[in-house]
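The values are calculated or read from the model by the stated rules, or taken from the named source; none is laboratory data. Because the structure is predicted, anything quoted here is derived from the model rather than measured. A quick note on method: Cβ atoms are made from the backbone with ideal geometry, for glycine too, and the neighbour counts reach across all protein chains shown. The accessibility values were calculated without ligands, DNA or RNA, using every heavy atom of the protein model including side chains. Shrake-Rupley method; radii C 1.70, N 1.55, O 1.52, S 1.80 Å.
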Amino acid sequence: MGEGPEISSPKEAADNELVLAFGRLQGAASRLEYILGRSLERECGISHLMYEVLLILGRAGGPGLSMRAIAQEQVLTTGGATRLVDRMEAAGLVERVDDPGDRRGRLVRLTPGGEETTVRATRLHVENIRRYFLAPLPPEDRERFAEDLRILSHSARDVLPRLP
């Protein structure tokens, strides 16, 4: 996948090897997101985005995270994060608590039900990742593929602007 010829027609654009490779990545990600997300919804009653927030909060531990921190981690607006957390709070997964470091601030943390849901959903998710993400790949390529995805993810994250 080098420089390649200059693109001068819609057919050449559609058949460009870099465009095709990136399209395959997007297609695989979209299909896997759909398959794994539907499983989380069906088996655990949560969306994939809710699951990601549960993981962020589980990773953070302690007193919890601010809405801004959740928004930045998920590349959401603070309004979008607030609406998502509202739904998660109504479902008993998270709670808002006073920020011990800021009298005016509030933090979001897992409830005991949120902790249980995180564990149950992760057991299911790991099995589905093995089945749909790893099993189709040759065993000798799996570790390098995971590392390449980490590199791409961090590179893209570092280019994004930080939320104010």
- Hey, what angle do you get for helix 78-90 against the long axis of the chain, alpha-carbon based, 0 to 90 degrees rounded to 10? 60 degrees
- Query: Any idea of Y34's accessible area? Nearest 10 Å², probe 1.4 Å.
  - Reply: 140 Å²
- Query: Ignoring ligands, DNA and RNA, what percent of the accessible area of the stretch 1-69 is carbon or sulfur (1.4 Å)?
  - Reply: 57 percent
- Task: Please turn the phi angles of the stretch 29-40 into ³J(HN,Hα) values with the Karplus equation 6.51 cos²θ - 1.76 cosθ + 1.60 (θ = phi - 60°), one per residue in order, whole Hz, x for glycine and proline.
- Result: 4, 5, 5, 5, 4, 5, 4, 6, x, 4, 5, 4
- Listed by chain and number, the residues whose amide H is under 5 Å from that of V94, excluding neighbours fewer than 5 places away on the same chain and using placed H, are E89, T111
- Query: Averaged per residue, what accessible area in Å² does the chain show with a 1.4 Å probe, protein chains only?
  - Reply: 69 Å²
- Note on the structure: The summed charge of the R120 Cβ neighbourhood (under 14 Å; Lys/Arg +1, Asp/Glu -1) stands at -3
- Query: Where does helix 142-159 land angle-wise versus the long Cα axis of the chain, in degrees 0 to 90, nearest 10?
  - Reply: 70 degrees
- Heads up, the stretch 17-65 by the C-alpha gyration tensor (a ≥ b ≥ c square roots of eigenvalues; a/c under 1.5 rounded, else a/b over b/c prolate, else oblate) looks oblate
- Query: Between the stretch 84-102 and the stretch 1-74, what is the C-alpha centre distance in whole Å?
  - Reply: 25 Å
- Message: To check my understanding: the extent here is largest minus smallest coordinate of the Cα atoms along each principal axis. What are those three numbers for the stretch 89-131, in Å, largest first?
- Response: 46, 18, 13
- Task: Could you point to the label whose value was computed as Rg and Dmax of the Cα atoms in Å for the structure here, given (1) 15.3, 44; (2) 19.4, 60; (3) 32.1, 87?
- Result: (2)
- Message: Give me the net charge for the shell around L36: Cβ to Cβ below 12 angstrom, other residues only, Lys and Arg +1, Asp and Glu -1.
- Response: 0
- Relative to the first principal axis of the alpha-carbon coordinates of the chain, what is the inclination of helix 48-60, with its axis defined by its Cα atoms, in degrees from 0 to 90 and to the nearest 10? 60 degrees
